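*Asks:* Could you have a look at this structure, given as structure tokens, before my questions?
The values are calculated or read from the model by the stated rules, or taken from the named source; none is laboratory data. Owing to the predicted nature of the structure, the values given are computational and were not obtained by experimental measurement. Note that each Cβ is placed from the backbone with ideal geometry, even for glycine, and that neighbours are counted across all protein chains shown. Side chains included, ligands, DNA and RNA excluded: accessible areas come from the protein's heavy atoms. Shrake-Rupley method; radii C 1.70, N 1.55, O 1.52, S 1.80 Å.
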Amino acid sequence: MTKIDLTSIKAVDVHCHPYIANEEPYSPEEYLRKLSLSVLPNMFKKAKEGSSINIFPGMNMYMQITIQRLARYFGCQPILEEVVAKRNEEAKDFTAFTQNLFKNVKLEGMVVDFGYPTPPLSKDDYQRLTGVPIWEVYRIEPVMVRLRESHETFGAFIEAYREDLKVALNRKHVVGLKTIIAYRSGLEIRAKNEQMAKDQYEEFRLNDRARAKELRDYCLHVAMEECTNFNKVLHIHTGFGDGEVVLPKASPSFLIDLLRQEKYAETKVHLVHGGYPWMEEAAFITSILPNVYLDISLQNPFVGHGVERIISQVYELAPFDKVMYGSDAFTVPEMNWLGVLLFKECFERVLTDWIEKGYTDKDMAVEIAEHMMYKNFERVYSDYI
């Protein structure tokens, strides 16, 4: 059997978030909460007396894999309390802990969305923490929220908003803009309608979480126009996310009319999270539109063993030069680390299976992996790195 080994291939994480060191050691329950996508603090409670020492309330398969792989890394038993105790000891020097994890899996660069957490963390501080090159996507929703406070009229707001985006896109380390419109009003984006957007502006001024769909759609069009003008990339959150997402309207299929518009034919668009769980829709869109790309993040590593299935599904339609690696790590460096580790493990099994079935040979399999892990990023973002 020809087995593929990807451990020596470097990785660039094209979607993740910054974090800082925990001031106090984590309890097992706190650590599970940090690993989770859940925003509800009562999801993870202290295990009751008489319950299993291995299964805590709220624990899932992804967390179990994290415990298993960290136990192997630390050289301890795969028991939550023991792993967390080892982690707390290692993380006393948080910079060394973070950089050792990154080196262990050859994570050598990241595209970071500093729009979460809030208030924003320092890019320079995070760069020093990780020790790897960092590029930024500039999130548009915080700009909208900030500018609404100081501009009474829609016209003044839009003028200031467009100018703010231009200033950001002029910065070399900013590779593009990012929108989370899927969390606010969904991905079914309508044509620009200035009057309707203007009519909704006062509602947005009073409540920055208001649906205000026409206004949000208008601002997204402006972001696409400026990305087109600067030849930079628009990142669009697609699919699952936190509990606020407008789930019925989060499929990337809702974007296809927007992306097929002639004026956006040259706009580079990056479908963040690859539309999970609607990966096939995202893969199809990348297969028919030349400047649309996707990443496999959030589902990697948060669906655990399902990452293997997802890689295979995405490649049913997506071209090899259109898919990029990501993690959506957002609280602890173990997320970045496990993202690369688990992804490579699953990708090795997918590629080995393809070779055994005669779909490809070993040299081509390695090249496909290299494109996923870093080469596609380097090509798509070559003007800014």
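*Asks:* Calculate, for the range 247-380, the solvent-accessible area per residue in square angstrom, rolling a 1.4 angstrom probe over the heavy atoms of the protein chains.
*Replies:* That works out to 35 Å² per residue.
*Asks:* Right, next: Principal axes first, then extents: for the Cα atoms of the chain, list largest minus smallest coordinate on each axis, whole Å, largest first.
*Replies:* For the chain, the Cα spread along each principal axis is 62, 52, 37 Å.
*Asks:* Note down, for the range 246-363, the three equivalent ellipsoid semi-axes (square root of 5 times each alpha carbon gyration tensor eigenvalue), biggest first, whole angstrom.
*Replies:* 25, 19, 12
*Asks:* For Cα pairs less than 8 Å apart in space and 6+ apart in sequence, what is the mean separation divided by the residue count of the chain, i.e. the relative contact order in percent?
*Replies:* Relative contact order comes out at 21 percent.
*Asks:* So what is the relative contact order of the range 209-366, in percent, for Cα pairs below 8 Å that sit 6 or more residues apart?
*Replies:* In percent, rounded to a whole number, it is 17.
*Asks:* Write down the Å³ per residue value for the convex hull defined by the alpha carbon atoms of the range 91-243.
*Replies:* 136 Å³
*Asks:* A further question on this structure: Report, in listed order, any pair from Lys178/Lys268; Lys123/Lys178; Lys198/Lys263 with a Cα-Cα distance greater than 19 Å.
*Replies:* Those over the limit are Lys198/Lys263.
*Asks:* With every protein chain left in place, what is the accessible area of Glu89 in Å² (1.4 Å probe, nearest 10)?
*Replies:* Estimated to the nearest 10 Å², Glu89 gives 110 Å².
*Asks:* Let me ask something additional. Computing the accessible area with a 1.4 Å probe over protein heavy atoms, can you report the carbon and sulfur percentage for the range 177-321?
*Replies:* Ligands and nucleic acids excluded, carbon and sulfur give 49 percent.
*Asks:* Note down the accessible area of Trp354, probe 1.4 Å, to the nearest 10 Å².
*Replies:* Per-residue accessible area (Trp354): approximately 40 Å².
*Asks:* Determine, from the Cβ-Cβ distance of Arg379 and Glu266 and an R0 of 22 Å, the FRET efficiency 1/(1 + (r/R0)^6), rounded to the nearest 0.05.
*Replies:* Once rounded, the FRET efficiency stands at 0.85.
*Asks:* Still on this structure: Per residue of the chain, what 222 nm ellipticity follows from adding -39500 (n - 2.57) for every DSSP H run with n ≥ 4, rounded to the nearest 500?
*Replies:* Dividing the helical sum by the residues of the chain leaves -13500 deg cm²/dmol.
*Asks:* Under a point spin-label approximation (7 Å from Cα along Cα-to-Cβ), what is the Asn22-Glu152 distance to one decimal in nm?
*Replies:* If labels sit at Asn22 and Glu152, their model points lie 4.9 nm apart.
*Asks:* Quick one: check the C-alpha center-to-center distance for the range 260-287 versus the range 128-176, whole angstrom.
*Replies:* 23 Å
*Asks:* Let me know the charge dipole size of the chain about its Cα centre in debye, to the nearest 20, where only the beta-carbon of Lys, Arg (+1) and Asp, Glu (-1) is charged.
*Replies:* About 140 debye.
*Asks:* For Ser8 and Ser38, calculate 0.36 nm times their separation in residues minus their Cα-Cα distance, and state this gained length in nm to one decimal.
*Replies:* 7.5 nm
*Asks:* While we're on this one: Report the FRET efficiency, 1/(1 + (r/R0)^6), for Lys362 and Arg309, where r is their Cβ-Cβ distance and R0 is 25 Å, rounded to 0.05.
*Replies:* Taking R0 as 25 Å, the efficiency between Lys362 and Arg309 is 0.65.
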